[in-house]
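Enquirer: Got a structure for you, questions after.
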Amino acid sequence: MHPEASSIRALFITGPAGRLEALLNAGLPSATHAAVVCHPHPLYGGTLHNKVVFHAMKALNSFGFPVLRFNFRGTGLSEGEHASGIGEVEDVRAALDWLEREFTLPIIFAGFSFGAAVGSRAAYSYSNDRVPALIALGMPAVPIEGRVYDFEFLRACTKPKLFVSGSRDQFGPPGKLEALVNTFADPKKLVRIEAGDHFFEGRLKEMRVAIEDWLREIVPAITTSA
């Protein structure tokens, strides 16, 4: 990776509940896309520094894309209070809008766990030329601590979609996640990382490779259609 692409800038984005703490990995001047990566549940230790989020950023940045990570409201230095995943959808929209203004590039969305559930809802609401692809890591297919996520909108989402989960993910158990993904619109791909748990412990390299392999497949197509 060119050193220019990996330089990191700390910044704040104006969000609907106050400023949002963020980090931007710069990318290359020749970048065809930008990307955003959303972190897991903030009430259970999720931040933009999460290992899965970091490795997803590295995968996207390896293509020269500028990649934004940010803390949801009430997390780290971000202002506001946790809003049960409802207000957080608006946080993601603020991040997407900021990226679009900054780079004027189509944006690839990625999120892990809570970040995948909340962020994909925000990303879906953008046209395919603005947000042409979604990556969901550790998508929760069963209720977590009483939280139930509604993915009905993905049945109509025609953006290319990648789902990556560990084969031992307790929140995406065998059969359950497959059945859920089967209800979603094409195009889509589900990759199970052998022996991986929800956090891809000891399997982060494999998760990153799954993202990179899929991006090599779909980036030429979404670049042509954008």
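Any read-out appearing in this document is the output of simple, stated calculations on the displayed coordinates, not a laboratory observation. Predicted model only: the values in this text are computed from it and were never measured. A quick note on method: Cβ atoms are made from the backbone with ideal geometry, for glycine too, and the neighbour counts reach across all protein chains shown.
Enquirer: Once you charge only the Cβ atoms, +1 for Lys and Arg and -1 for Asp and Glu, what is the size of the charge dipole of the range 54-201 about its Cα centre, to the nearest 20 debye?
Expert: In total the dipole reaches around 400 debye.
Enquirer: Applying the Karplus parametrisation 6.51 cos²θ - 1.76 cosθ + 1.60 with θ = phi - 60° to the phi angles of the range 24-41, what ³J(HN,Hα) value in whole Hz is obtained for each residue in order, glycine and proline being reported as x?
Expert: Running phi through 6.51 cos²θ - 1.76 cosθ + 1.60 with θ = phi - 60° gives 10, 8, 4, x, 9, x, 8, 4, 8, 9, 10, 8, 10, 10, 9, 8, x, 4 Hz.
Enquirer: If you don't mind, another one. Here is the link list: LYS51/LYS159; LYS58/LYS161; LYS58/LYS176. Which ones come out longer than 21 Å on Cα distance?
Expert: LYS51/LYS159; LYS58/LYS176
Enquirer: Next question, about the same structure. Based on the Cα gyration tensor of the chain, what are the three equivalent ellipsoid semi-axes, each the root of five times an eigenvalue, rounded to whole Å and given largest first?
Expert: So the equivalent ellipsoid measures 23, 21, 17 Å along its semi-axes.
Enquirer: Right, something else. Run the quick spin-label model on GLU206 and ARG130: label points 7 Å from Cα toward the beta carbon, then report their separation in nm to one decimal.
Expert: 3.8
Enquirer: Which part of the range 104-133 falls in the paramagnetic zone of ALA185, meaning amide N under 19 Å from the point 7 Å along Cα-to-beta-carbon?
Expert: Residues 107-110, 117-133 qualify, since their backbone N sits under 19 Å from the label point.
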